[in-house]
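Each value in this text was obtained by applying a stated rule to the coordinates, not by laboratory testing. Since we're looking at a predicted model, the values are computed, not measured. Every residue, glycine as well, gets a Cβ built from its backbone with ideal geometry; the counts of neighbours run over all protein chains shown.
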Amino acid sequence: MLKVVTREGDEWRSGEIVDAFGGRGVVRVLEYEDGAALLERIFPGTNLVELTRGGHDDAATEAIAEVIAAMAPNAAPPWCPTVSDWAQSFTWYSDSGDAQIPAPLVRRASEIYTELCETQRGARLLHGDLQHYNVLRDHHRGWLAIDPKGVVGEVEYEVGALLRNPVELPAILSNPATIEQRIRTLSSRLNLDAGRVLRWGFAQAVLSAIWYVEDGYVIDASNPSLQLARAIDVMFGSVRGLTPEQAY
């Protein structure tokens, strides 16, 4: 499978990121250069959206846990951004004058995101967009991640993309019961801090909404990322073992 990126962006050097995972939980890259990568073909290539759509979201979450557990990356390329670098979008939005995202939501998300960045443990190379559309089934190798963006951060950060997907099923992803079950499963399987996962999920959901605006989209309360952010905003403290003080 040949992947070609037509303009420089966050996947311009994705071949190098794929190579850093060495085929562990991620599709293998055979050759690559800037803007292009020759990848192994995944067959049949069914993605996890089908599981969630079919009422098997628990199985989809287990599959992503399996992929994260398998991903044992080598050192990140020196040019790879960090999760702290991505926080610049909060400043951009605050300075932009845009009012599509409520200012109190942006302020809380920015504060939580900054605090989490400053207290990370065991930062490593992450996929950066590990969600249902980017995990495919291969007959021989099982579930594999594709299209990594590449970012350096703690593993708890990686769960954020899962929480705000599938975007075509906002009623599911914004359901508090679904959010709690997903976090419980991932935290248990991967020995993650559930409180940090919840806070990253909230902050990243608002950041994702900001990225929509940066890309020129008009958004409103129906935006899936904003729906998730609002759901988590009233959930803080409800995940087992998490006190309100830990949430904030």
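What the table shows:
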| item | result |
| --- | --- |
| In sequence order, calculated HN-Hα J values of the stretch 19-34 (Karplus, 6.51, -1.76, 1.60; Hz; x Gly/Pro) | 4, 5, 8, x, x, 8, x, 10, 3, 7, 9, 8, 8, 7, 8, 4 |
| The chain: angle of helix 57-70 to the longest principal axis, Cα-based, in degrees nearest 10 | 60 degrees |
| Euclidean distance of C-alpha centroids, the stretch 157-182 and the stretch 46-78, integer Å | 13 Å |
| Derived scalar couplings ³J(HN,Hα) [the stretch 110-123; Karplus, 6.51 cos²θ - 1.76 cosθ + 1.60; whole Hz; x for Gly, Pro] | 4, 5, 5, 4, 5, 5, 5, 4, 6, 10, 5, 10, x, 4 |
| FRET efficiency for Ala99 and Met1, using Cβ-Cβ distance with R0 set to 25 Å, rounded to 0.05 | 0.05 |
| Interchain or long-range residues, amide H under 5 Å from Gly150's placed H | Gly128, Asp129 |
| Helical mean residue ellipticity (222 nm; -39500 (n - 2.57) per DSSP H run of 4+; nearest 500) of the chain | -14000 deg cm²/dmol |
| Long-range amide H partners of Arg124 with built H, under 5 Å | Gly153, Glu154 |
| For Gly35, net neighbour charge (Lys/Arg +1, Asp/Glu -1) across residues whose Cβ lies under 12 Å away | -2 |
| Separation of the Asp58 and Asp220 label points, Cα + 7 Å toward Cβ, nm | 3.7 nm |
| Sequence-separation-based contact order of the chain, relative, with Cα cut under 8 Å and 6+ spacing, percent | 20 percent |
| Neighbour-count ranking [beta-carbon atoms within 10 angstrom, fewest first] of Met235, Met1, Met71 | Met1, Met235, Met71 |
| Derived scalar couplings ³J(HN,Hα) [the stretch 78-91; Karplus, 6.51 cos²θ - 1.76 cosθ + 1.60; whole Hz; x for Gly, Pro] | x, 8, 5, x, 10, 5, 5, 4, 5, 5, 4, 5, 4, 5 |
